[in-house]
Structures are given as structure tokens and as C-alpha cells.
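The structure under discussion appears below in the form of C-alpha cells.
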Amino acid sequence: MRAAIVGAIALAFVGCREDPFDFGQPRSCELADQNAWVEQLMFEAYLWNDQLVDVDPDRYETPSDVITAMRVDPDRWSRVSDRVRTDALFQEGKTVGLGFRTERNDADEVVVAWVTPDSPAAQADLRRSDVLRAVAGVSVPEIDADDRWKELYGENEPGVSVRISVQRPGEAPREVELTKDWITINTVPVVDVLDGERGPVGYFVFSGFVDTSTDRLDEAFLRFKKRGVRDVIVDLRYNSGGRVRVARHLVDLLVGDLGNGNTGYKVRYGAGLDDEDDDHLIRRADNSLRDPRSIVFITTGDTLSASELVINATRPYIDTQIVGAVTGGKPVGSHQWDFCDKIAQPVTFELLNAEDQGGYFDGLPPNCAAPDDLTHALGDPEETSLAQALHVIATGVCMDLPTAEPDDEAGPTRLPPQVHVDEEMLRGVF
């Protein structure tokens, strides 16, 4: 019955197509045609399409609502996004926002965790460890009580102003007005070679797998290569994912010297596309680490998707440890389909490493727990997560630290991210 209804709508899906991922276009960009096309795309390409049930696409106000209604457990990521915003993020490394992100500390305070250079937040001198006291004159406890975060931060459009009150440790609160704008992302904002007990340790913060990241990763690993680095700490605590091809490049840089020509990860599709299953091989890149010895990943509940792919892919080839908290748990990825002014991103495939390990929907647990120490700058060896990582490399065992609890997706810690990368978009795309 569903197939007959879809056929009557005269969608531009065609049989015997040369490109198995070519599902045509909606008949028009009228809402009814867009919704019907998205419904059919889910039945054709969705990883769990054998579990889908019929919906009436005419009942929904947007194609995004159609995809959301059709998602099956454990899918939290299939979506429809704006094409201009998506292309700007992944192709140009740009996003709209204020340029800072917040996290909760043990006292349940909302603390600035990261400020993007040259962003509105940076221009207002916001810094990591500043405590957010109010937004638009409304205190944080009041915002929590009435769940007003999205309302008070306003639309995520250039020119939207937000007045906030922040307090630096040891100082009085101050008010600043920030105006949202396009921000250029530096996805590798911190790179250093630290003194380790076994020799130099390469450390870098990586915030998003977008196309502009590749050159920055190459620059970091060239520096490591020149210094003879064999142990690396990859700080992914705020990295929600992005392009799979950038993840593949990072895997090559980390273990290309050890795994050259072997399987890095496997892509497995659902019914109808399973002939496209593929194994992606590791290659030795120009700046790959030479004779690497160990990798430590720093993670939080915001570490997802392409970040987890990299962690899982390196495990068969090198001593791989995780420091921090349980990752977010996204062992699947999406293709992108352009239509009208939008991009559809249904979950399309699952990801396995060379040893067929995957399915980590509950996240990858840390070998050594460590909190996100908001009182120290990222890259400071005294910052607790980095100190734990350095200790693991030096000794092979964990320091005794308080357990870092994973984020509660339903709790007040899940603030609308005023960040340098659109995290929700990154989680939905490979």
C-alpha cells in the first residue's frame, strides 16, 4: 500500500540507476513533495529501513519532522538541515554563533569551557573558567527552572544580540553584550610538544572534522614528526564529529606507519544498499607518526561520531587508551542528499574496526576517569584530564581521581550550545 501511494506522487526515484545513491529529487519543492520524497528516501537508504512503519507525510510541517517521526531506536541523529549552513560548516569551516561553549562544574555552575579566537566572545574577553551568572537579566537558576535557554539566547542568526553576565574567579560580575556572527573555526586551536618521562609527547585539541581541518592536522603532525614524537594525546573532549574522510586522514596520521595497507574501518549499509559495503584501508601519509608507541584520547559525553570512529579504528594497531568520561555513543554515519534548499542526512551505515568491533551506542568507556578541569587552560599540564593522560603514558596506570560522570542528555547540563562548531549538525553527518 505504501509503495502504491508513493508511486502515485510521482517522485523522481528511478530503477536500475547507475549510482546506487542517486535517489533523484522531489517532483517539486512544494512541502507535500518534499515530505513524500524524504519518506521514500528513508525506506530506500535508512540503515534500519526494515524496521520502518508507514507514516502520513502530509501530517508534518517540515521534511525534518518526517525524518524525526520515522527514526527508530537507537537513532538520535537522522535529520534535515539547511544547505547553506551545512555547506558553510563542512566546506568552509564557518558557523554562526557567539563563539563560546559552556559546561557545568561540580557546583552546578555554568562555566565557559572554550572561547573561539576572533569570535564575538573572544572580542568581549570571555575566557575559560568564567562563570555565567545570567542571560538577558535572568539568572541561571531561573533559566534552569523554566527551561528558557533557547528563548533567551535567541535565534541563531547573524545580528542577534545576547546580553550576559559573567564572573571571573576573584572578580565581580560584569555584563557584556554579544552579537551573533559568522565565525571561522580553528579546529586545531592548541598544539604542543610536552616533556614526558619517556620522551616528547605530542598534544593537540581537535574540535571538529570539517574539510578545513586536514591542513591543520598536517601542520600539527609535521611538528610532531620533526620532534620525534612517538606518544600522542588527542584531546577530543568537545569534538562531536563531522566528515568521515577527515577521520580517515587522522587515522592515517596516527597509525599509518603501523597499519599501512590494512583495514582501518568497515562501512556496512542496510538492506538495499548492502552491495556497497566497503573496507577502507590505512595508508602511510607524509606526516604520519614514525614508529608510534601509544595514543591517549581525552573524551567526554560530547565526544561522538567521527571522534569515536578514530578511537575505534586505531585500537587494533597501537596501545590506545581513553581518559576522561564515557563518549556519546554514535557508531553509525550518514550520507547527504541535497534537495531544494536542504540536505537530508538519514543514518545510512554502521562502522566497524578491523576486528569487527562496533555497536558502541552506550559510548566508549574511559580506561582512566578524569573530569574536565575548567580551572585550567586546555594544554596546561596541570589540567586534570591532561595530567591523567600524561601519567598513563609515563606509567601505564591511572592516577586516583574523582570519577567523571557522563552527561545526562535529559538534564540541565545539556545547554543549547553557544559554541564554535554546530554540534548537532556534526553529530548527524559523516
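The values are calculated or read from the model by the stated rules, or taken from the named source; none is laboratory data. What you are looking at is a predicted structure, and each value in this text was computed from that prediction instead of being measured. Please note: Cβ atoms are built from the backbone with ideal geometry, for glycine as well, and neighbour counts cover all protein chains shown.
Cβ contacts < 8 Å: first residue among the basic types (K, R), restricted to segment 270-291; second residue surrounded by 14 or more Cβ atoms within 10 Å (Cβ to Cβ) and not in a loop (DSSP other than H, G, I, E, B), any location; separation 6+ or different chain. Result?
R283/D252; R283/G256; R284/D252; R284/G256; R284/D257; R290/K225; R290/D257
Go through segment 133-166 residue by residue and tally those that are surrounded by 15 or more Cβ atoms within 10 Å (Cβ to Cβ), part of a loop (DSSP other than H, G, I, E, B) and touching a residue at least 60 places away in the same chain (Cβ under 8 Å).
1
Residue-by-condition table, conditions (1) surrounded by fewer than 17 Cβ atoms within 10 Å (Cβ to Cβ); (2) touching a residue at least 12 places away in the same chain (Cβ under 8 Å); (3) under 18 Å from P346 (Cβ atoms):
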position	(1), (2), (3)
T68	yes, no, yes
P74	yes, yes, yes
R79	no, yes, yes
T86	no, yes, yes
T95	no, yes, no
G99	no, yes, no
S119	no, yes, no
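Please work out which one of (1) closer than 17 Å to L304 by Cα; (2) at pLDDT below 95 is the condition E197 fails and give its number.
(1)
With the requirement that a residue be over 24 Å from D356 (Cβ atoms) and basic (K, R), what does segment 233-271 give you?
Selection gives R237 alone.
Kindly evaluate P169 against the criterion of being in a loop (DSSP other than H, G, I, E, B) and closer than 17 Å to R104 by Cβ. Lay out the reasoning, then the answer.
Values: in a loop (DSSP other than H, G, I, E, B): yes; closer than 17 Å to R104 by Cβ: yes.
Criteria met by P169.
Quick one: in segment 230-260, which of the residues that are in a helix (DSSP H, G or I) and among the small types (G, A, S) is surrounded by the most Cβ atoms within 10 Å (Cβ to Cβ)?
Out of the qualifying residues, it is A247.
Restricting to segment 62-94, what's the tally of residues that are of a type in the set (S, T, N, Q) and modelled with pLDDT under 95?
Counting residues in segment 62-94 that are of a type in the set (S, T, N, Q) and modelled with pLDDT under 95 gives 3.
Are there strands (runs of 3 or more DSSP E) fully within segment 261-318 with at least 3 residues that are surrounded by fewer than 17 Cβ atoms within 10 Å (Cβ to Cβ) and not aromatic (F, W, Y)? List them.
278-281
Residue pairs, Cβ under 7 Å, 6 or more apart or interchain, first in segment 352-372 and at negative phi and of a type in the set (G, A, S), second in a loop (DSSP other than H, G, I, E, B) and at pLDDT below 95. List them.
Listed by first residue and then by second, the contacts come to A369/L401; A369/T403; A369/A404; A370/L401; A370/A404.
Residues in segment 194-229 that are outside any loop (DSSP other than H, G, I, E, B), of a type in the set (V, I, T) and touching a helix residue (DSSP H, G or I) at 6+ places or on another chain (Cβ under 7 Å): how many?
2
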